[in-house]
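Engineer: Please read through the structure below; I'll follow up with questions.
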Amino acid sequence: MAYVMANARCTVRRAAAALLASCMTLTLAGCGQNPLAVSDVIGPRIVIGVTFDQPAMGLRKGSGYHGFNVAVAEYVAEKLGYASWQIVWEQAPEDERRSMLDDGDVDMITGMYEDAADITAGEKDSATLGYDFAGPYLADRQDVMVLSRSDDSSDTSIGSLADLAGHKVCVIEGSETDADLQRRLDGGIRLVRQPGATQCATALLTGMVDAVAAPGSVLAGLADAEGGDRMRLLGLDFAEGGYGIGLRKGSDQLTARIREAIEQMHADGSWDRAYDETLGAIGYDDGRGTDVH
């Protein structure tokens, strides 16, 4: 089901483009030169970490993978010289991503979400994040999701970030949202940590928690997957951030090539097509106080 929003998707696209432009002030290695051979960067196959349980972003269905993060990863892999059959997908839980990169379990992880302050020009480097960040390829905001009410008198006990104090709020363990809420509410919130997004949605639907906090794109996908009328986003937009591709610290050549591929994805229209087929298909803008119906 789609959100009824004016100028749907345009806000996200403009924000993503603006954030992308502000972050990409470093000279891209290899631009205007012959591309590096695949073997110089990785090898005969590429192992990509992705979420398996986020509808519209990164979801495993049978033997296939779908979502905006998946589409970005596939585009980047193609630009690096890989065919689809050379991609090996690995599940990358939020709390294991840094170690997966450090240990070489994956070559890259798509859908790495960071606060805007950490990925601005001059701060977006391995010293700040502990890994190399290529992007952002999508701007988003942290939001909160609660149950919808069938009697049209929607639950008003949570209407602001401060209202979360004393409530049970589910977050994905190890996520930026987890850390952000701890900083903002300083212990005044009862966080319930789950390993994945679907577990948080289940906790909300079964009454284990009062709300779920995550990037809006993740929440919108979860709400839509439940038919669009059981959960709603509050549109609190309490922190800005962006999605990028994470690589092991010191992967300078590969990081530069991926940044260039992301720019090309915007320029040739592939970004718009991927968005329309995933987040756009569920009408996601940024969910400003809009019921999913």
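Engineer: Would you confirm, using the coordinates I've provided, whether residue 158 is crowded, with 23+ Cβ neighbours inside 10 Å and either charged (D, E, K, R) or outside the structural domain of residue 43 (by TED's automatic domain parsing) (or both)? Give the steps one after another, and end with the answer.
Structural biologist: On the way: crowded, with 23+ Cβ neighbours inside 10 Å: no; either charged (D, E, K, R) or outside the structural domain of residue 43 (by TED's automatic domain parsing) (or both): yes.
Taking the combined requirement at face value, the residue does not satisfy it.
Engineer: Evaluate the following for residue 114: is it touching a Phe, Trp or Tyr at 6+ places or on another chain (Cβ under 9 Å) and more than 30 Å from residue 183 (Cβ to Cβ)? Steps first, answer last, please.
Structural biologist: Values: touching a Phe, Trp or Tyr at 6+ places or on another chain (Cβ under 9 Å): yes; more than 30 Å from residue 183 (Cβ to Cβ): no.
Considered against the rule, which asks whether it is touching a Phe, Trp or Tyr at 6+ places or on another chain (Cβ under 9 Å) and more than 30 Å from residue 183 (Cβ to Cβ), residue 114 comes out as no.
So that you can scan it fast, the table gives a plain yes or no per residue for (1) over 17 Å from the mean Cα position of the chain (by Cα); (2) charged (D, E, K, R); (3) crowded, with 16+ Cβ neighbours inside 10 Å:
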| position | (1), (2), (3) |
| --- | --- |
| 59 | no, no, yes |
| 70 | no, no, yes |
| 88 | yes, no, no |
| 91 | no, no, no |
| 102 | yes, yes, no |
| 115 | no, yes, yes |
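Engineer: Hey, does the range 74-85 have a residue that's on the phi > 0 side of the Ramachandran plot and either out of contact with any Gly (no Cβ under 9 Å at 6 or more places or on another chain) or at pLDDT 95 or above (or both)? Spell out how you get there, then give the answer.
Structural biologist: Within the range 74-85, the subset on the phi > 0 side of the Ramachandran plot is 81.
Going one step further and asking which of them are either out of contact with any Gly (no Cβ under 9 Å at 6 or more places or on another chain) or at pLDDT 95 or above (or both), we end up with 81.
Yes.
Engineer: For residue 237, indicate whether it is of a type in the set (D, E, K, R), outside any helix (DSSP H, G or I) and crowded, with 16+ Cβ neighbours inside 10 Å.
Structural biologist: Working: of a type in the set (D, E, K, R): yes; outside any helix (DSSP H, G or I): yes; crowded, with 16+ Cβ neighbours inside 10 Å: yes.
For residue 237, the condition - of a type in the set (D, E, K, R), outside any helix (DSSP H, G or I) and crowded, with 16+ Cβ neighbours inside 10 Å - is met.
Engineer: Restricting to the range 246-261, what's the tally of residues that are under 21 Å from the mean Cα position of the chain (by Cα) and part of a helix (DSSP H, G or I)?
Structural biologist: Kept after step one, since they are under 21 Å from the mean Cα position of the chain (by Cα), are these residues of the range 246-261: 246-249, 254-261.
Keeping just the survivors that are part of a helix (DSSP H, G or I) gives 254-261.
Selection size over the range 246-261: 8.
Engineer: Please specify each residue of the range 177-222 satisfying the condition of being more than 23 Å from residue 275 (Cα to Cα) and in contact with an Asp or Glu (Cβ under 6 Å, 6 or more places away or on another chain).
Structural biologist: Selection gives 193, 195.
Engineer: What helices (runs of 4 or more DSSP H) completely inside the range 89-186 contain at least 2 residues that are at pLDDT below 95 and over 21 Å from residue 52 (Cα atoms)?
Structural biologist: Values: elements: 97-102, 126-129, 176-185.
The helices (runs of 4 or more DSSP H) meeting that bar are 126-129, 176-185.
Engineer: I'd like the full set of residues that are surrounded by fewer than 17 Cβ atoms within 10 Å (Cβ to Cβ) and farther than 16 Å from residue 144 by Cβ, limited to the range 240-262.
Structural biologist: Going residue by residue through the range 240-262, those that are surrounded by fewer than 17 Cβ atoms within 10 Å (Cβ to Cβ) are 240, 250, 252-253.
Selection gives 250, 252, 253.
Engineer: Out of curiosity, is residue 56 farther than 18 Å from residue 252 by Cα and either assigned to a helix (DSSP H, G or I) or touching a strand residue (DSSP E or B) at 6+ places or on another chain (Cβ under 6 Å) (or both)?
Structural biologist: On the way: farther than 18 Å from residue 252 by Cα: yes; either assigned to a helix (DSSP H, G or I) or touching a strand residue (DSSP E or B) at 6+ places or on another chain (Cβ under 6 Å) (or both): no.
It is false that residue 56 is farther than 18 Å from residue 252 by Cα and either assigned to a helix (DSSP H, G or I) or touching a strand residue (DSSP E or B) at 6+ places or on another chain (Cβ under 6 Å) (or both).
Engineer: Now for a different question. Looking at (1) at pLDDT below 95; (2) under 25 Å from residue 92 (Cα atoms), can you tell me which one residue 227 breaks?
Structural biologist: It is condition (2) that residue 227 fails.
The values are calculated or read from the model by the stated rules, or taken from the named source; none is laboratory data. This structure is a prediction, so every number in the text was calculated from the model and none was measured. Quick reminder, even Gly has a Cβ in these numbers, built from the backbone with ideal geometry, and neighbours come from all protein chains shown.
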